[in-house]
Amino acid sequence: MKPNYLKTALTLTSPILFAGFFSCGEAEPERPNVIVIYADDIGYGDLSCYGATAVKTPHTDRLAAEGIRFTSAYACAATCTPSRYGMLTGQYPFRRNDTGVARGDAPMVIRKEQYTVASLMQDAGYSTAVVGKWHLGLGEGGFNNQDWNGHITPGPREIGFEYSYIMAATGDRTPCVLIENGRIVGLDPNDPVEVSYEQPFEGEPLGRTHPELLKMHPSHGHDMAIVNGISRIGYMRGGKSALWVDEDIADSITVKAVQFIEKNNPKVTGKPFFLYFGTHDIHVPRTPHPRFVGATDMGPRGDCIVQFDWSVGQILETLDRLGLAKNTIVILSSDNGPVVDDGYHDEAVTRLGNHKPAGPLRGGKYSIFEAGTRLPFVVRWPGKVKPGVSEAAVSQVDLFGVMSQLTGQPAPEGAAPDTHNELDTWLGKSEAGREFVVIQSTGTQAIIRGDWKYIRPSRGARYNAHVNIEMGHDTIPQLYNLRTDIGERVNMAAEQPALVDELAGKLEAVVGKR
Ligand code: NG6
Ligand code: CA
């Protein structure tokens, strides 16, 4: 039988903590607000609080200095959709075969019947919102079955997010529009949006047929619909008044995140809030607002890191201005590791200089090596969390369990089967961390326990030349000592067969046999 971690942890939750949460008599609820700031493709070495010098991220650094900076924190997966799926549902994405990188016209990956961390927060009495990148599908009943020009449903609302202001997928995928509470923003009913991932619309210029219309050229893929001078993955037509301007996306989602905080100020509503803020930065196409152009010497990739940091600063400034900083937990992380050339000629390669997006880690986005999933992870709760650095093993799949423990809100039977209650670790009260962390890339999984990491043999390509990333696939077992060999250079599997067996068995117990 699988242990019920949630139950165990809930019974362990400190009564003192709860006494604090539920004591009343003040207008402002005692339970803390929670903001998850989730960056896109920011790597372990991309922020100055994690050692970057070619880019300065003062707002994120401030958050880290006032909170705990984790050095062994992992996303569930090395790409966006599965990482987000795991974090929001508390279920490993490999448990289903349809959690891979979603098309822009994909149906909801999280089914409307599923109970998510947003459902949990809503049931706990929180105002809830998602603002920014979604990339978890919309609608139901198959691909391209959305009512793009009407009410796009099911969507975030059906899985616990009362308010949503999102991009359906990513900036490089159609439809290139923002969707507020299920409706495309700024849509002219006389100019409906049409989307296809199957075939182009007649008469519409494409990146591959009309490169002269492009202000940024693809390096691989991304040669379909042209919007704002940038060619994308997928086709679309119409919706001219609703098309986003890439350079304004950070501003537009940051403003909506700030407005959500203002409108849901617990001092006014009497309810705490839960905000999941997924930035588009620093995913491709990297198109910083003109005021950030030249903020670094690294071109758009570096400038987008500064833009991301600006968004973080706006959130922190809002909390300060409204007097909410003290009673708000801010969690900051990223969905997967870094990639330099992810499909556009945007100078990321030519102007990288000495910057190391993955810091000392091997691999990158898409990879089962550390850089794919080991990421910046910061938790700040002024007065409650003692600032510092923690080496404890942390997984984003535990957001659900941690929130359950924090709010005292139990989960229904069967929800979030893979989450653990790690509140004490996330709040820096314990250095214990997870007994083990399981991660995945396309085609394989790995387990990290203590100093050791075991990667399951797989047949995938070892190297992806398009993105210049070592994928970590190998047909033989791989075992690395992350304490002495954080760069995963020396495969110790042959020297340590017993440990390989043990970790392989543990991993198989979680993932299942192949
Ligand atoms: C890849 C895209 C890449 C990016 C990625 C998803 C091509 C050639 N590459 O297939 O640009 O969109 O998918 O990124 O199409 S993620 O961060 O959303 O997972
Ligand atoms: Ca991503």
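The values are calculated or read from the model by the stated rules, or taken from the named source; none is laboratory data. Here the structure is a predicted model, which is why all the values come from computation and not from measurement. Reconstructed Cβ throughout: ideal geometry from the backbone, glycine too, with neighbour counts over all protein chains shown. Heads up: the accessible areas ignore ligands, DNA and RNA and are worked out on the full protein's heavy atoms, side chains in. Shrake-Rupley method; radii C 1.70, N 1.55, O 1.52, S 1.80 Å.
For this structure, a couple of remarks:
- Gly383 being away from ligand 2 (no atom under 16 Å from the Cβ), in contact with a helix residue (DSSP H, G or I) (Cβ under 7 Å, 6 or more places away or on another chain) and modelled with pLDDT under 95: yes
- Filter result for the condition that a residue is away from ligand 2 (no atom under 16 Å from the Cβ), out of contact with any Asp or Glu (no Cβ under 8 Å at 6 or more places or on another chain), touching a residue at least 60 places away in the same chain (Cβ under 8 Å) and among the basic types (Lys, Arg), over Lys271, Lys267: Lys271
- Segment 382-424 - residue that is assigned to a helix (DSSP H, G or I) and over 20 Å from the mean Cα position of the chain (by Cα) and, of those, nearest to Tyr126 (Cα to Cα): Thr407
- The residues of segment 209-227 that are open to solvent by 60 Å² or more (accessible area, probe 1.4 Å) and either in contact with a Leu (Cβ under 6 Å, 6 or more places away or on another chain) or among the polar types (S, T, N, Q) (or both) amount to a single one, Thr209.
- Within segment 67-77, restricting attention to residues that are open to solvent by less than 10 Å² (accessible area, probe 1.4 Å) and touching a helix residue (DSSP H, G or I) at 6+ places or on another chain (Cβ under 9 Å), the residue that is farthest from ligand 1 (Cβ to nearest atom) is Ile68.
- Residues in segment 465-484 that are among the hydroxyl-bearing types (Ser, Thr, Tyr) and either within 16 Å of ligand 1 (Cβ to nearest atom) or not in a loop (DSSP other than H, G, I, E, B) (or both): Tyr480 alone.
- Output for segment 228-246, where each listed residue is open to solvent by 40 Å² or more (accessible area, probe 1.4 Å) and either in contact with a helix residue (DSSP H, G or I) (Cβ under 7 Å, 6 or more places away or on another chain) or assigned to a loop (DSSP other than H, G, I, E, B) (or both): Asn228, Val245
- Taken together, the criteria place Arg362 among residues that are more than 16 Å from ligand 2 (Cβ to nearest atom), over 18 Å from Ile37 (Cα atoms) and touching an Asp or Glu at 6+ places or on another chain (Cβ under 7 Å).
- If you go through segment 35-77 and keep only what is part of a strand (DSSP E or B) and more than 19 Å from Pro300 (Cβ to Cβ), you end up with Ile35, Val36, Ile37, Tyr38, Ile68, Arg69, Phe70, Thr71, Ser72, Ala73, Tyr74, Ala77.
- Close pairs from segment 292-306: first within 16 Å of Leu47 (Cβ to Cβ), partner open to solvent by less than 20 Å² (accessible area, probe 1.4 Å) and polar (S, T, N, Q), Cβ under 7 Å, at least 6 apart: Phe292/Gln307; Gly302/Thr296; Asp303/Thr296; Ile305/Thr57; Val306/Thr296
- Test: residue in segment 333-354 that is under 19 Å from Thr71 (Cβ atoms) and either free of Cβ contacts under 8 Å to residues at least 60 places away in the same chain or more than 16 Å from ligand 2 (Cβ to nearest atom) (or both): no
- Count of segment 356-381 residues which are open to solvent by less than 10 Å² (accessible area, probe 1.4 Å) and assigned to a strand (DSSP E or B): 4
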